[in-house]
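To start, the structure itself, in structure tokens.
Values quoted throughout were computed directly from the atomic coordinates according to the rules given, and no laboratory measurement underlies them. What you see is a predicted model, and the numbers here were worked out from it, not measured in a lab. Glycine also receives a Cβ, built like all others from the backbone with ideal geometry; neighbour counts cover every protein chain displayed.
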Amino acid sequence: MRATAIALALLVIAAALVIPMLGARVNPKQKPQIDPRTPVSAILSIGGEQAGAFTNTADLLTLLRSGRAVQPHSCQLAGQITFSYESSNQWSVYILPGHNATNYEFRCSNGYYAVPRDSFMASLAAAGIDTTSVPTK
């Protein structure tokens, strides 16, 4: 009886450790769900304040669409990019500096993604954004 209780307890502990890991897996083939329409403009907000507005969104959207899925986590969001469309609809991604100097991360409706930091900053600069206002840590 005691051996059965110990075996059952070990099984419960093992399940408690393994089940969360199974749910946290990242599908490397998953791509961000980015609105397929072409926006008429975008606004970058950092810490709730508008840091810039731009209309040249093509390079940035191409980069975001190429994002690589990363593990969901609870880091504080540094800012938001809100894309506006002719129909007055808006769609946003939330940005995070990333956990190393090589990536910048963003969150959209289907998860967290990473893109090369240099490319992210270059696409914002090409759109006319002063990238000194974009957090890197």
Karplus-derived HN-Hα couplings along segment 45-52 (A = 6.51, B = -1.76, C = 1.60, θ = phi - 60°), whole Hz, x at Gly and Pro: 10, 10, x, x, 10, 5, 9, x
Cut-off 15 Å between beta-carbons: net charge of the residues surrounding residue 26, Lys and Arg +1, Asp and Glu -1: +4
Quick one: net charge around residue 84, please, counting Lys, Arg +1 and Asp, Glu -1 for every other residue with C-beta under 13 Å from its C-beta. -1
For segment 50-137, with +1 on Lys and Arg beta carbons and -1 on Asp and Glu, the positive-most of 108, 75, 63 along the dipole: 75
Length gain on complete extension for the stretch residue 76 to residue 29, per 0.36 nm per residue less the alpha carbon to alpha carbon distance? 14.4 nm
When only Cα pairs under 8 Å and 6 or more residues apart are kept, what is the percent relative contact order across segment 27-133? 29
Note, residue 105: beta-carbon cut-off 12 Å, +1 each Lys/Arg, -1 each Asp/Glu, net +3
